[in-house]
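K.L.:
Next up is a structure, given as structure tokens.
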Amino acid sequence: MLSDLCFQLYRFLVRRTGSKFNAVILKRLFMSKVNKAPLSLSRLIKYMTGKEGKIAVVVGTVTDDIRVYEVPCLKVTALRFTETARARIEKAGGECLTFDQLALRAPLGQNTVC
């Protein structure tokens, strides 16, 4: 469950920075649970090919996919990770971030894929 601080943080960033990235994230944070669909690890890998060094931003859950044998090094921000998805990403040398950590690293959405 998201804390109110996350909503307040992105409201502040939208108001103070004028960044379109932050506005999109805030809009997606306020969506209902039905509209925050899970994203499998295989789909995430497919989207991130050719975008090495960027941070994938998912407003939803990242789930594991046993059909994928090799997981590349990924930096992923999501609302939630399944235990196995988090373990596989971190074992490959990647990072699993939360939205408050993303706000510290990339307050304007630099080097992110939304």
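K.L.:
Please tell me if Ala37 is surrounded by 13 or more Cβ atoms within 10 Å (Cβ to Cβ) and either more than 10 Å from the chain's Cα centre (by Cα) or over 23 Å from Arg16 (Cα atoms) (or both). Spell out how you get there, then give the answer.
P.N.:
On the way: surrounded by 13 or more Cβ atoms within 10 Å (Cβ to Cβ): no; either more than 10 Å from the chain's Cα centre (by Cα) or over 23 Å from Arg16 (Cα atoms) (or both): yes.
No, not satisfied.
K.L.:
Ok, one more. Restricting to the range 89-114, give me the number of residues that are in contact with a strand residue (DSSP E or B) (Cβ under 7 Å, 6 or more places away or on another chain) and part of a helix (DSSP H, G or I).
P.N.:
Residues in the range 89-114 being in contact with a strand residue (DSSP E or B) (Cβ under 7 Å, 6 or more places away or on another chain) and part of a helix (DSSP H, G or I): 4 in total.
K.L.:
Right, another one. So which of Pro72, Pro107 is touching a helix residue (DSSP H, G or I) at 6+ places or on another chain (Cβ under 8 Å), loosely packed, with under 15 Cβ neighbours inside 10 Å and touching a residue at least 24 places away in the same chain (Cβ under 8 Å)? If you could, list the steps in order and put the result at the bottom.
P.N.:
Numbers: Pro107 fails: loosely packed, with under 15 Cβ neighbours inside 10 Å.
Among Pro72, Pro107, only Pro72 is touching a helix residue (DSSP H, G or I) at 6+ places or on another chain (Cβ under 8 Å), loosely packed, with under 15 Cβ neighbours inside 10 Å and touching a residue at least 24 places away in the same chain (Cβ under 8 Å).
K.L.:
Same structure, new question: Can you spot a residue in the range 30-44 that is more than 27 Å from Arg11 (Cα to Cα), touching a Leu at 6+ places or on another chain (Cβ under 6 Å) and at pLDDT 95 or above?
P.N.:
no
K.L.:
Can you find a residue in the range 78-88 that is buried (at least 17 other Cβ atoms within 10 Å of the Cβ), in a helix (DSSP H, G or I) and among the aliphatic types (A, V, I, L, M)?
P.N.:
Yes, the range 78-88 contains at least one residue that is buried (at least 17 other Cβ atoms within 10 Å of the Cβ), in a helix (DSSP H, G or I) and among the aliphatic types (A, V, I, L, M).
K.L.:
Here is a follow-up. Can you pull out every residue in the range 1-59 that is touching a residue at least 12 places away in the same chain (Cβ under 8 Å), assigned to a loop (DSSP other than H, G, I, E, B) and farther than 27 Å from Pro72 by Cβ?
P.N.:
Selection gives Leu2, Ser19, Phe30, Met31.
K.L.:
If the requirement is being touching a Leu at 6+ places or on another chain (Cβ under 6 Å) and on the phi < 0 side of the Ramachandran plot, which of these qualifies: Thr84, Thr77, Thr63, Thr49? Write out each step before concluding.
P.N.:
Values: Thr84 fails: touching a Leu at 6+ places or on another chain (Cβ under 6 Å); Thr63 fails: touching a Leu at 6+ places or on another chain (Cβ under 6 Å); Thr49 fails: touching a Leu at 6+ places or on another chain (Cβ under 6 Å).
Matching residue, one of Thr84, Thr77, Thr63, Thr49: Thr77.
The values are calculated or read from the model by the stated rules, or taken from the named source; none is laboratory data. Note that the structure is predicted; figures quoted are calculated from it, not measured. Neighbour counts run over all protein chains shown; Cβ positions are idealised from the backbone, glycine included.
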